[in-house]
1. Which members of the range B:324-367 meet the condition of being assigned to a helix (DSSP H, G or I) and surrounded by fewer than 18 Cβ atoms within 10 Å (Cβ to Cβ)?
2. For the range B:404-417, check the following and say yes or no: at least one residue is more than 12 Å from every other protein chain (Cβ to nearest Cβ) and assigned to a loop (DSSP other than H, G, I, E, B).
3. Do we find that A:SER235 is of a type in the set (S, T, N, Q), on the phi < 0 side of the Ramachandran plot and either buried (at least 19 other Cβ atoms within 10 Å of the Cβ) or within 11 Å of chain B (Cβ to nearest Cβ) (or both) in this structure?
4. Could you tell me how many of the residues in the range A:278-300 are more than 30 Å from A:LEU48 (Cβ to Cβ), buried (at least 22 other Cβ atoms within 10 Å of the Cβ) and free of Cβ contacts under 8 Å to residues at least 60 places away in the same chain?
5. Can you confirm whether the range B:156-171 contains a residue that is without any contact (Cβ under 8 Å) to a residue 24 or more places away in the chain and closer than 23 Å to B:PRO398 by Cα?
6. Could you go through the range A:252-259 and let me know if any residue there is surrounded by fewer than 16 Cβ atoms within 10 Å (Cβ to Cβ), within 8 Å of chain B (Cβ to nearest Cβ) and out of contact with any helix residue (DSSP H, G or I) (no Cβ under 6 Å at 6 or more places or on another chain).
7. Inside the range B:428-443, can you point out the residues that are closer than 17 Å to B:ARG400 by Cα and outside any loop (DSSP other than H, G, I, E, B)?
8. Could you grab me the full set of residues in the range C:44-61 that are in contact with a Leu (Cβ under 9 Å, 6 or more places away or on another chain), farther than 13 Å from C:TRP15 by Cα and among the small types (Gly, Ala, Ser)?
Amino acid sequence: MKRTTRDVLLSLGAVAALALLGFEGSRLEAGRAALAAFVPYVAFAALLAGFCWRVLAWARVPVPFHIPVSCGQQCSLRWIRAAKIDNPSTRWGVAARMAGEVFLFRSLFRNQRARMTGSRLILGDCRLLWLGALAFHWALLVILLRHLRLFIEPVPAFVNSLERIDGVFQLGAPPLYLSDLILLGALVYWAVRRFRDPVLRYISLSTDYFALFLLLGIAISGMWMRYFARVDILSVKEYALSITALHPAIPQSLGPLFFAHLALVSALAVYLPFSKLMHMGGIFLSPTRNLANDSRARRHVNPWNIPVNTHTYAEWEDEFRDKLQGAGIPLEAEDAEHAHSN
Amino acid sequence: MPNTLIQIEPKQPAGDWRDPHVEFRKGAMCYSAAAKNVAYLGLPNPRAWQPRESDWKLPPDWKRIILDGMKERLRKYRSFRLFMDICVRCGACADKCHFYLGSADTKNMPVMRAELMRSIYRRYFTWTGRLFPGMAGGRELTEDVIKEWFYYFYQCTECRRCSVFCPYGIDTAEITMMGRELLNLIGCNINWVLEPAANSFRTGNHLGIQPHGFKDSIDFAAEEASEITGLNIEVPINRKGAEVLFVMPSADYFGTPHYFTLLGYLLLFHEIGLDYTVSAYASEGGNFGLFSSHEMMKRLNAKIYDEARRLGVKWILGGECGHMWRVIHQFMDTMNGPAEFLEAPVSPVTGTVFENARSTKMVHICEFTADLIHHGKIKLDPRRNDHWIATYHDSCNPARAMGLLEEPRYILKSVCNHFYEMPENTIREQTFCCGSGAGLGTDENLEMRLRGGYPRANAVKHVREKHGVNLLACICAIDKATLPTLMEYWVPGVEVAGVHELVGNALVLTGEKQRTNDLRGEPLAAVASAATAASEASHA
Amino acid sequence: MNEREAIADAVAERWLARTIDSYPEAARASLRNVSDPFRNPAGFALKENLKALSRELLGAMDKHAIERAMDEIVRLRVLQSPGEVPSFIGDLRVVVAEMAAPVAALPADRIDVLLRMEAEKFASCRAQIEMLRQKEQRLRAQWEAQ
């Protein structure tokens, strides 16, 4: 079997198994209790602890050398305009650069220029990647914020506004959320891209497929609950509020689909700290992006700066003294005795 | 007539990059370091060996050494640890490396080059990798993996182009540096890095030129500069009490076309009456230690500050060199500083305080000269460069470690009437490497260099065809050494020159005699056309 | 574009596909992305020059045009694998055989001419690489003699 096929089947199988665990497990009383009252706490704790542990593990390691990657003009002479964000020389510049990366995925945007031929706009593959990545992450943020409706009573005003904007087209009942559509679309684009592009097939690991399938599983199960199964939101809210209050109460009306969704989300929470999904924390610590390019203006200290063996001037002069004399180059010490007495 | 030559493709892993098999073919590998160089520098396992042999004579506990070495560096370098963890395999970097674009070798994709290291990291340093190596992308560390590392980490010029496009800035140069450091621990290094390093350690410069040789070269250049201008140009060596210590790459006083850049420096310094000295001890601005290990870099760089202190200068001026400036700008102060015995650099001619260099106390000559030109302190006649139709190649390190982009352009546009830029996505921070940096600029891997330099050459070809460009200007000594070969193969008819060669051409020195030739001895365009007009008139 | 050019372009398209297929699988996708000549110089050069050669093959067989296109392709291919190198004109013969008239009806000696020019070009590029290598070695010897 080809490597890609094997990897895809393995990861798909793993996700399916997790979903099934939730789906079927909820049919048993013990399973239901475990899934609803135990697993989420463990998962959340794992997420919190794991995330902190990973970030701390990175943060504890020093940054010995000042190695930002500069894009654009440096800040040097006053009359040359510097690229204050792409090549920042101040902390504010770095903050702006980081914001550009985190909110707009600036580096991913840097790929091939989009070109107009006639009236057609040609987006290179990597601009599409940028668009897909941006769409996914923002849609995910909106969805996460909307889920606050389930955990907070009364529902905060901004969540209501968000839902209004999200469902602005008022399509269907319950109204179709744009964020749902965008999230699904972006995930499908990513999956298709990873399967179809031979370069990506070559470099992908089974964990890459697993992450995608997991997210797709969560998205699909969540959307199915909202648009097709029409799950009872009040029951879900009752449950959510109860686990936040550390007094889990599991309404009977919560069906297996809900538990599948819950199982997948819990799996994601546990998986995240051990995976590449930690890039969300890592980016802030990347020395090529989070340092100002003021390397010659301010001294960066290496905490473990170790002394090294060099060839000193005295040793050099010793070795080449006669050549130096012959060439008439001034010496520190006219002869070896003077050198050693200095 | 045979219609198909037998197809022998290099053996590719059957769809699985984890197979480490590589074939060391002529033209795509560098010779191993000579034992004497390894021993002189105090590095482990000096011995006679070559990559094409099957037995690399590694120390018996090589595996433990490598893994311990990784563990140590994971503790000491946040970049290493982070870059091992956060790659999401989005593929944005894949087609950005010049070696990949020229060779179609998939392991030259930056993501794959990193995976060569990451796969070992996962297997030995992560829980998922220890428990499920196959699924998590881990693999066993075998001798074949070491060979593969040697092959690919000496096929990266540490140009950092990939890092520009990565959403997190994952820097393959960092990973390559770690890889080379680890390989050093078991004695796998290349001669083209270690021999210059050993030379530089001993004599102060990569070429191993001893003080009298240095003086001869400098005096020769001073004499030629005097002859060209009819003035008396002298270059002090090891002069105490000078205001500025000038440090340049050794190729500037020994190589072509670097030598013409040197003439340019000398003319400029003479014209502005710069109170400077060069040093026979700090006779190398470049630092091949950068291509070996952080420790080697620090050892070789110490001499610059030491000499500045000994000579009692106020600040340091650096010449046109690429990797030298990566070291000066990002490492020197940290490694060899603080340079409290120096002052914040101030141009003695314009009074400009170089704020951006106030800690390291070292200024790039393009910053210095651009400042002079901006203040109108030197007289220039750009018509003297009319025979050149120039374009500018941003060298990797000034572009991506500093952002020194506009200063050389400003100078070029002031000394050249004909200047054209190459396409946007091949210059500035997106510049394509020459394919020969980081110790790879040797003749035994010429085919690899020509492949790696193809994207850059292709862009030059474009401006040659479109605008008749016949000169590629750059500010890197390795570029000047290797771009001529690249041009001769891909874009014949394009010469290579330093920015300060063109400055030297255009500079109108006070009291100089009439210039009829450029610094290369070629007749100036104005002179040539005047001569043609004169001979036509005499024939009429 | 007249009919002959259209047919030539069809030949070039198939020829390009075959040539790209001779590269490793993971490299093919990058090579196929031929819209930007600077982001993918190898693929772009291949596409443009195979097109030019096809047009000459079905057209005037202009020596200069063939020489130029051949040079651009061979110059890169000769670097790919030192030693035996696949003949891309060989691929052309296969493509021509697969297509219907008027392509299949082409005189066979036209392809023989291209094959000969390809072999000559390989030889001259290799010779140039050797010459450049020796030049660099001489320079290095000069430095080391100091």
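The values are calculated or read from the model by the stated rules, or taken from the named source; none is laboratory data. This is a predicted model, so every value here is computed, not measured. Glycine also receives a Cβ, built like all others from the backbone with ideal geometry; neighbour counts cover every protein chain displayed.
1. First, pick out the residues of the range B:324-367 that are assigned to a helix (DSSP H, G or I): B:324-336, B:355-357, B:365-367.
Residue satisfying the conditions is B:GLU355 alone.
2. Within the range B:404-417, the subset more than 12 Å from every other protein chain (Cβ to nearest Cβ) is B:412-417.
Okay, now just the ones that are also assigned to a loop (DSSP other than H, G, I, E, B), so B:416-417.
Checked the range B:404-417: at least one residue is more than 12 Å from every other protein chain (Cβ to nearest Cβ) and assigned to a loop (DSSP other than H, G, I, E, B).
3. Details: of a type in the set (S, T, N, Q): yes; on the phi < 0 side of the Ramachandran plot: yes; either buried (at least 19 other Cβ atoms within 10 Å of the Cβ) or within 11 Å of chain B (Cβ to nearest Cβ) (or both): no.
Criteria not met by A:SER235.
4. Total meeting the criteria: 1.
5. Of the residues in the range B:156-171, the ones without any contact (Cβ under 8 Å) to a residue 24 or more places away in the chain are B:169.
Those left that are additionally closer than 23 Å to B:PRO398 by Cα: B:169.
Within the range B:156-171 (the criterion being without any contact (Cβ under 8 Å) to a residue 24 or more places away in the chain and closer than 23 Å to B:PRO398 by Cα), the answer is yes, since at least one residue qualifies.
6. Checked the range A:252-259: no residue is surrounded by fewer than 16 Cβ atoms within 10 Å (Cβ to Cβ), within 8 Å of chain B (Cβ to nearest Cβ) and out of contact with any helix residue (DSSP H, G or I) (no Cβ under 6 Å at 6 or more places or on another chain).
7. Narrowing the range B:428-443 to residues closer than 17 Å to B:ARG400 by Cα: B:428-438.
Of everything in the range B:428-443, those that are closer than 17 Å to B:ARG400 by Cα and outside any loop (DSSP other than H, G, I, E, B) turn out to be B:ARG428, B:GLU429, B:GLN430.
8. Passing the criteria: only C:ALA45.
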